[in-house]
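To keep things clear, I will list the structure first and then write my remarks on it.
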Amino acid sequence: MGPDSPFADNDLERELEIVDLNVRSTVHLAKRVLRDMKERDGGSILVTSSIAATMPGSFQAVCNASKSSLLSVVATQNELKDTGITLMMPGRTETDFFDRVDMDDTKVGRQYKDDPAEVARQGLDALFSGKDKRVAGSMQTKEQGLDQQGAARSAKAEAHRKVAEPGSGERDGD
């Protein structure tokens, strides 16, 4: 089963690979880079999380949780106030992600996706202008980021389920 299957059915080793990629590697690299930045008294880091970090991820629990953990890793912004750390939170972006995780049959897999060059440009613009956080992408993505701020966790989980459930992209009227 792929990472877009029910949590109980997913392969543990595959999910631990996701945690290693999204959490362990970010912590590892940030730890090494931040020490040098602190010694030089300057530098910048752009951490890429996701809007998915703001919601419980039905059918993507480990992926969303791993992206959510990056919100806490970026607490180093407060610890090192004069060091440039920016958290970028893109939404759906046109990459091979949805194909790689077998989500082509989901609503989210079939929805419009933002241009990766535009997302990257917005992330770099935020980094170089000293912003600590940026929802990157189209206006629709930015509105989605705002919508997530006040919603109840249970409502977020249900909304995520509707777009991420396997086969949801083949249903009409949802």
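The values are calculated or read from the model by the stated rules, or taken from the named source; none is laboratory data. These numbers come from a predicted model, not from an experiment. Note: ideal-geometry Cβ built from the backbone for every residue, glycine included; neighbour counts use all protein chains shown. Side chains included, ligands, DNA and RNA excluded: accessible areas come from the protein's heavy atoms. Shrake-Rupley method; radii C 1.70, N 1.55, O 1.52, S 1.80 Å.
Give me the number: length gained by fully extending residue 46 to residue 110, i.e. 0.36 nm times residue separation minus the C-alpha to C-alpha distance, one decimal in nm.
Additional length available on full extension: 20.2 nm.
Order these peptides, 65-76, 19-30, by their mean beta-carbon neighbour count within 10 angstrom, highest first.
The packing order, highest mean first, is 65-76, 19-30.
Between residue 78 and residue 100, what is the label-to-label distance in nm when each label sits 7 Å out along the Cα-to-Cβ direction?
Inter-label distance under the simple model: 3.2 nm.
Under the definition of Cα pairs under 8 Å and six or more residues apart, what whole-number percent is the relative contact order of region 1-101?
33 percent
Solvent-accessible area of residue 37, probe 1.4 Å, all protein chains present, reported in Å² to the nearest ten, please.
Near enough 0 Å² of accessible area.
Hey, how many Å between the Cα centroid of region 1-75 and the Cα centroid of region 96-128?
Going from one Cα centre to the other spans 16 Å.
Under 5 Å between amide H atoms, partner at least 5 residues away or on a different chain: which partners does residue 93 have, H built in plane at 1.01 Å?
Close amide H contacts, sequence-distant or interchain: 114.
Pairs to check: 38/113; 113/133; 31/162; 67/107. Give those whose C-alpha atoms are more than 32 Å from each other in this structure.
Those over the limit are 38/113; 31/162.
With a/c under 1.5 counting as rounded, go ahead and sort region 2-145 into rounded, prolate or oblate using the C-alpha gyration tensor (a ≥ b ≥ c being the square roots of the eigenvalues; past the cut-off, prolate if a/b is larger than b/c, else oblate).
In terms of gyration-tensor shape, oblate.
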